Amino acid sequence: MERPVFKPVGTPVEELDTPALVVDLDALEHNIEVLHGFFREADANVRPHVEAHRCPAIAHKQMAAGGTVGGISVTTVGEAEVFAQNGFADIFIASEIVTSAKINRLCALAKQVDVTVAVDNPRNVADLSDAAQRASVTLSAVVDVHTGMDLCGVEPGQPTVDLARAVSRASGLRFAGLMTYEGKILAEEAESAAEESRKWVQQVLDTREMVEKAGMPVDVVSAGGTHNYEMVGAMAGVTEVPAGSYPLMDYRYCQYRTEFTPAARVMSTVTSVPDRTTAITDSGQKAMGIDLGLPVVEDVPGVKLARMSAEHGILDLTGEGQKNVDLGDKVWLTPWDIANCVNVYDYIQVSRKGKLEAVWDIAARGHYR
């Protein structure tokens, strides 16, 4: 864990030590209002998928905005444990939990909060059932339906019906419904994204009819995300959308979903200007998480990030950038992918109108098990 170097509330943001992950509160609140405003009027609700930010303070703001199912979504038992400790009582673990150690922790957690888990294999169903009976708990389970993304899930149609039946018959389990993750569908034309989204999600809705005709009520149909929240949220039969990236956003997403704005950026300091066309910052790969792409310099004309080493960012000042950057200047980097960036920090510095307003723990950071 990094050693915090805190400044008093009210400190101008540019006086913070760098690299600093800074969230603009006005932008964060705007993003939450945009998405939750839709779900306050829709038949479906949002279940905030908090894996992208891992921060209980942000999740509480999401829940307070309305339009939710009353709970959150995570990806690991460790994340679920952290958010349970921070006041969240309805937690959907949108992953398969297979090892005995994790299943035992899952059952222990189910004694404290309502837990839902994804399944895609009858052997896993049997293991969950045995553990739940030993622990005297009931676990809610949804069948993970494989659609557009080549990850987990059982095929739609009869394979899903068969697994739903296995869950329904398993002691200690409650069959809750179906989920899918069709993957990020990013398209410049909204209708193209909508058509692609409907293609995958309709397979799950058709399967729902088959499951219910087989005598098993389906309470939950979970699909979609930030990329298609209003498209999937408007489909009859979808009950919840586990959107995740929208509170903080990132540069990649905002090219397609322009109603949102990047709320999180990393402030860096220029530590060297070795020649007229190059400047070096103190924010390298370790401060950004660049697996999916380099961050972007948006606010300094003529300056772009050329590359990153482990500890440094190398700026290209060719052209007008030469007059816009000097030693000691602050340069703001917008992450290409927000989840990978947040993952390298232990806390967020929260600002409003250029001044520090709060420091929030990224309490679930590192809880991968």
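Quick check: is even one residue across the range 85-105 of a type in the set (S, T, N, Q), assigned to a loop (DSSP other than H, G, I, E, B), under 17 Å from the mean Cα position of the chain (by Cα) and surrounded by 18 or more Cβ atoms within 10 Å (Cβ to Cβ)? Working first, answer last.
Let us first name the residues in the range 85-105 that are of a type in the set (S, T, N, Q), namely 85-86, 95, 99-100, 104.
In the following step, the residues that additionally are assigned to a loop (DSSP other than H, G, I, E, B) were identified as 86, 99.
Those still in the list that are under 17 Å from the mean Cα position of the chain (by Cα) too: none.
No, the range 85-105 contains no residue that is of a type in the set (S, T, N, Q), assigned to a loop (DSSP other than H, G, I, E, B), under 17 Å from the mean Cα position of the chain (by Cα) and surrounded by 18 or more Cβ atoms within 10 Å (Cβ to Cβ).
Considering 19, 8, 12, which residue is over 25 Å from residue 239 (Cβ atoms), out of contact with any Pro (no Cβ under 9 Å at 6 or more places or on another chain) and either among the aliphatic types (A, V, I, L, M) or crowded, with 19+ Cβ neighbours inside 10 Å (or both)?
Values: 8 fails: either among the aliphatic types (A, V, I, L, M) or crowded, with 19+ Cβ neighbours inside 10 Å (or both); 12 fails: either among the aliphatic types (A, V, I, L, M) or crowded, with 19+ Cβ neighbours inside 10 Å (or both).
None of the others qualify; the one that does is 19.
Which members of the range 326-344 meet the condition of being in a loop (DSSP other than H, G, I, E, B), buried (at least 21 other Cβ atoms within 10 Å of the Cβ) and out of contact with any Pro (no Cβ under 8 Å at 6 or more places or on another chain)?
337
A quick yes/no check of all residues on (1) touching a residue at least 60 places away in the same chain (Cβ under 8 Å); (2) of a type in the set (D, E, K, R); (3) on the phi > 0 side of the Ramachandran plot:
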residue: 315; (1), (2), (3): no, no, no
residue: 323; (1), (2), (3): no, yes, no
residue: 330; (1), (2), (3): yes, yes, no
residue: 340; (1), (2), (3): no, no, no
residue: 347; (1), (2), (3): yes, no, no
residue: 365; (1), (2), (3): yes, yes, no
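Select, from 141, 135, the only residue that is crowded, with 21+ Cβ neighbours inside 10 Å and either at pLDDT 95 or above or in contact with a helix residue (DSSP H, G or I) (Cβ under 9 Å, 6 or more places away or on another chain) (or both). Spell out how you get there, then give the answer.
Details: 135 fails: crowded, with 21+ Cβ neighbours inside 10 Å.
Exactly one of 141, 135 is crowded, with 21+ Cβ neighbours inside 10 Å and either at pLDDT 95 or above or in contact with a helix residue (DSSP H, G or I) (Cβ under 9 Å, 6 or more places away or on another chain) (or both), namely 141.
Quick one: which helices (runs of 4 or more DSSP H) lie wholly within the range 187-266 and hold at least 2 residues that are touching a residue at least 12 places away in the same chain (Cβ under 8 Å), surrounded by 22 or more Cβ atoms within 10 Å (Cβ to Cβ) and touching a Gly at 6+ places or on another chain (Cβ under 9 Å)?
Here the list reads 190-213, 229-233.
The values are calculated or read from the model by the stated rules, or taken from the named source; none is laboratory data. Worth saying up front: this structure is predicted, and the values here are computed from it rather than measured. Glycine also receives a Cβ, built like all others from the backbone with ideal geometry; neighbour counts cover every protein chain displayed.
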